[in-house]
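Below is one structure, written out as C-alpha cells; comments come after it.
The values are calculated or read from the model by the stated rules, or taken from the named source; none is laboratory data. Worth saying up front: this structure is predicted, and the values here are computed from it rather than measured. Positions of Cβ are backbone-derived with ideal geometry, glycine not excepted, and every protein chain shown enters the neighbour counts.
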Amino acid sequence: MQSLGAHLRTLHSLAPANKDHVSAVRVAVSVAVPSVLLLAAGRPDLMIYAVFGALTGMYGRNEPHQLRLKHQGQAAFLLVGGLAAGVFLSVNQLHSWVLVVTETLLAAAGSLFADKVALKPNGPFFGILALGACASVPTSVPWHTAVLIGALSAVFSMAVGFGGWVRGRAWQRGAVRAVPAMLGARRRAAWIHAARYLAAVGAAGSVGVLSGSGHPHWAMAAAAVPLAGADMPSSVHRGLHRIVGTLLGLVLVAVVLFPWAFSPLRAFPGHEAAVLALLVIVLQFTTELFMTRHYGLAMVSFTPVILLMTQLAAPADPQVLVTERAVETLAGAGLGILVVVLIRRRQCSAGEG
C-alpha cells in the first residue's frame, strides 16, 4: 500500500486537459436554463430538482452523439430514480433510519446497475446524493411536480448533449458502447462491489443517525466516493480528494452565507435568491471543468453547489450547515476508505476509473 505522503502528493497533480470546457459548457447550460426559468417563476426553492436532473449532462462527455444519448438516458434513470425516492421520503416525512435503509439499498442496487451499463462518472454516487438531498428538504409542491421538474431537466440536458449532431450531423455508423458482458468473474466482482456500497453507505448512515446529525445522507454520499476508484490507491486518492476539496469548498460556502460585510448576499439586498442561483450555475461549470482532471478541485466547487441549492430549498443556520457537512464528510469518507481496505474487489470488475 502506498504511503500517506504518496496519496497526499496526488493533491498537487493535474491531469491533462481533454476538451473539458466543452463538456463544462454543456452542463452549465443544462443547469442554467431550468434554473433561470424557475427563478423567473419565483420558485428558486425548486432548483434542487432541476439541478439534479441536469447532472445527466455529466455523463457520456467524450462519446459520439448517439452513444452519449444512450449513456445519458441510463444516467437519467439513476438520477431521476434517486430524486423520486427522495421526494417520496420527504412527502411522507420518513427520515432517520428509513432514509438510511432506503439509501443503502439504492446504493447497492445502483452499483449493480452502474457496473452493468458502465456509467461514467462511475458508480451510483449522484443518484444516492439526489435521494438524500431531496429527502432532507420539505417538498413544497405535489410530489409529481417535483419529479417532473427533475425529469424534464434531464431530458433538456440530453437534448443539449445531442445538440452538436444538429450542427455537424456526425453519426458514427455501427458505434456501440464498450460494455463488457456481465458474465462469470465480472458478475461476481459486481456483487462484491455492491456489497462494499452496502457496507460503507450503511455504516456511514448509521453513524450519522446515532451521532444526532441532521444530515446523515452527507456521510453516506461521502462514503460512496472512494468506492468508485479502479483500485485501492485510486480509491484512497478519491477519499482524500473528497475530504480536502469539501473542506475548501466549505470556506466558499462560509464566505457566501455567513453575514460578513463582504458577502455577495449583503451586496445585493432583496436579490439573495438570484445571487445563489447564479453561483450554483457558475460553480457547476467549474465542477465539470475539473471533474476528470482533479477530483479535489471539482469538489471545491461542487460542495457549494449542493449546499447553496439546499439553502434555497430549506434555509438553515449556515454555521450548523457548514459544521455538519465537514464532520459528516470526514466520517463518511473515512468509512469508505476503511471498507475499500477491508473488502477487496476483483480487478476484473474494472470499467470504472
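Values for this structure:
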quantity	calculated
One residue from Gly127, Gly132, Gly123, Gly86 being within 17 Å of Gly229 (Cβ to Cβ), surrounded by 23 or more Cβ atoms within 10 Å (Cβ to Cβ) and in contact with a Leu (Cβ under 8 Å, 6 or more places away or on another chain)	Gly123
Search result, residues across region 88-129 that are among the β-branched types (Val, Ile, Thr) and under 16 Å from Phe77 (Cβ atoms)	Val117, Ile128
Residue count for region 193-210, restricted to those that are in contact (Cβ under 8 Å) with a residue 12 or more places away in the chain and exposed (fewer than 15 other Cβ atoms within 10 Å of the Cβ)	0
Residue within region 167-175 that is assigned to a helix (DSSP H, G or I) and at pLDDT 70 or above present	no
Residue within region 97-108 that is among the small types (Gly, Ala, Ser), modelled with pLDDT of 95 or more and under 29 Å from Leu278 (Cβ atoms) present	no
Evaluation of Val98 against (1) without any contact (Cβ under 8 Å) to a residue 40 or more places away in the chain; (2) farther than 17 Å from Ser136 by Cβ; (3) in a helix (DSSP H, G or I); (4) of a type outside the set (Lys, Arg) (one fails), failing number	(2)
Helices (runs of 4 or more DSSP H) enclosed by region 218-318 - at least 1 residues per element that are of a type outside the set (S, T, N, Q) and within 15 Å of the chain's Cα centre (by Cα)	232-257, 272-290, 295-313
Residues within region 257-272 that are buried (at least 18 other Cβ atoms within 10 Å of the Cβ) and in contact with a Pro (Cβ under 6 Å, 6 or more places away or on another chain), tallied	1
Yes/no for Ser213 being at pLDDT 80 or above and not in a helix (DSSP H, G or I)	yes
Residue check, Ala76 surrounded by 24 or more Cβ atoms within 10 Å (Cβ to Cβ) and touching a residue at least 24 places away in the same chain (Cβ under 8 Å)	no
Residue match in region 321-332 (condition: within 19 Å of the chain's Cα centre (by Cα), at pLDDT 90 or above and farther than 20 Å from Val201 by Cα)	yes
Residue check for Thr56: modelled with pLDDT of 85 or more and among the hydroxyl-bearing types (Ser, Thr, Tyr)	yes
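Residue-wise test of (1) modelled with pLDDT of 95 or more; (2) under 18 Å from the mean Cα position of the chain (by Cα); (3) part of a helix (DSSP H, G or I).
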| position | (1), (2), (3) |
| --- | --- |
| Met1 | no, no, no |
| His7 | no, no, yes |
| Leu11 | no, no, yes |
| Pro16 | no, no, no |
| Ser23 | no, yes, yes |
| Arg26 | no, yes, yes |
| Val31 | yes, yes, yes |
| Leu46 | yes, yes, yes |
